[in-house]
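This report refers to the structure that appears directly beneath it.
The numbers here are math on the coordinates, done by the rules we state, and not lab data. Just so you know, these numbers come straight off a predicted model, no measurement behind them. Here the Cβ positions follow ideal geometry from the backbone for every residue, glycine too, while neighbour counts run over all protein chains shown.
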Amino acid sequence: MTPGDILLVDDDDQMRRATAQALELAEFQVRSLSVAERALDFVGFGFPGVLITDIRMPGMDGMTLMTRVHEIDSEIPVILITGHGEVELAVRAMREGAYDFIEKPFAPRRLADIARRASERRRLVLENRLLRAAAGQRDDLEQRLVGRSAAMIELRSRLRTVGPTSADVLLLGETGVGKEVTARALHDFSPRASRPFVAINCAALPVSLIESELFGHELGAFPGAMRARYGKFELAQGGTILLDEIGAMPLDVQAKLLRVIEERKITRLGSNEEYQLDVRFIATSKSDLADQVAAGRFREDLFYRLNVVALRVPPLSERREDVPLLFLKLVQEAAVRHQRDPVPVPDHVIAAIAARDWPGNVRELRNAADRYGLGLGLQFADGRPDADLPARLSDRMAAYEKQLISDALALHGGSLKPVYESLGLSRKSLYEKMQKHGLSRRAFAGEGEA
């Protein structure tokens, strides 16, 4: 049995090659990368190996990479390579979840021994997850896609059904509902979990370079093509490709994408040679693609090819009961991410969160949770601070009760009988509550229909 897989990240070419060679001699399968961001394409909940990364790197450093990896799966072992005199930094990293660290210069055998122990630990984690799943115990979907609403229970159930298959999937939902999180869950519940997950933002690809980015190119394929380059499709070989906001893809590229999905073959720009492609496609859209087809902005044949399995991720407006629980989880994550002590969330804050509309969905809620976790209070995206909110839960409930009665009075044109009957109150109770809230039936006369 081989020790396992290693994802090695180091911007120093010479150091990276020497370390990779030493690990390969120790019978590890090594994938070496010079840029930390690329590592996130290969890490998922089912990643079967260990991450080894240098701490000091331009752009995303090793500490940030470890944090991002642990947001995906907190049980992936991360071994940090530190420079001389960085022991304090390494100790802090250990407190924040690093498996171990090794200081330069190091003996290759020592790194191999640490990696072997980490790999064995990872193997046991994955085996235990499989055993728990086989025994019918809860998987981590409840942690990724939080919610007790019927809509979220249904979504998680369908993910468990569709995830292990090879079917391409279309994810629909408003901006910020968590379509990419859902796509990652589909990938991690599939047999491709140990292979790359490559996300492509179709709306952000430059039109002039979109084909080169997706399909790759050969040397001299166009002016400026100084060397051959793999496209994102080839980089995802064996794994999953997420086509985020596929409706933004130009029509001529849609035609080529349709051929790729149907035949699972690609041809690089400037080449006549076809390459077999073994990937799963997941596409997302915030708009109704059927409307796009009718407007001539999306190919009908591509729409039907993608629409075999369609999952809808519900907005927060359809699962309001999930908002408090989700906010508490996001505040906790923010505290960990920003290395702050957990911030208590009192009842009046929870009430304000639950009563508010969230048109930006989970993304907007996460931003509010981040600000709250940093100790900035309940600062909403529209700039309204928590000082403008009722200070007590009772005040929030009173405001909600007043709104319900006002809505019912407006609906029934100030007629009291249908109001107290629809609200399940006695006539006397309704009078008392109207007096308490300063409501007059005359103010609503003629506004609605009985």
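If you go through the range 1-39 and keep only what is of a type in the set (D, E, K, R), closer than 14 Å to V78 by Cα and under 25 Å from the mean Cα position of the chain (by Cα), you end up with just D5.
Within the range 403-431, residues that are touching a residue at least 24 places away in the same chain (Cβ under 8 Å) have Cβ atoms under 9 Å from residues that are assigned to a helix (DSSP H, G or I) and among the β-branched types (V, I, T) in these pairs: I405/V419; L409/V419; L411/V419; H412/V419; L430/I405; L430/V419, counting only partners at least 6 apart in sequence or on another chain. Among all residues of the range 340-362, there is at least one that is touching a Lys or Arg at 6+ places or on another chain (Cβ under 7 Å) and not hydrophobic (A, V, I, L, M, F, W, C).
Of all residues in the range 354-368, those satisfying the criterion of being part of a helix (DSSP H, G or I) and either farther than 17 Å from K329 by Cβ or among the aliphatic types (A, V, I, L, M) (or both) are A354, A355, V362, L365, A368. Consider the range 154-184 and keep the residues that are assigned to a loop (DSSP other than H, G, I, E, B) and of a type in the set (G, A, S). The one that is surrounded by the most Cβ atoms within 10 Å (Cβ to Cβ) is G178. Looking at this structure, is L205 under 25 Å from L172 (Cα atoms) and surrounded by 17 or more Cβ atoms within 10 Å (Cβ to Cβ)? When the stated conditions are applied, L205 passes them.
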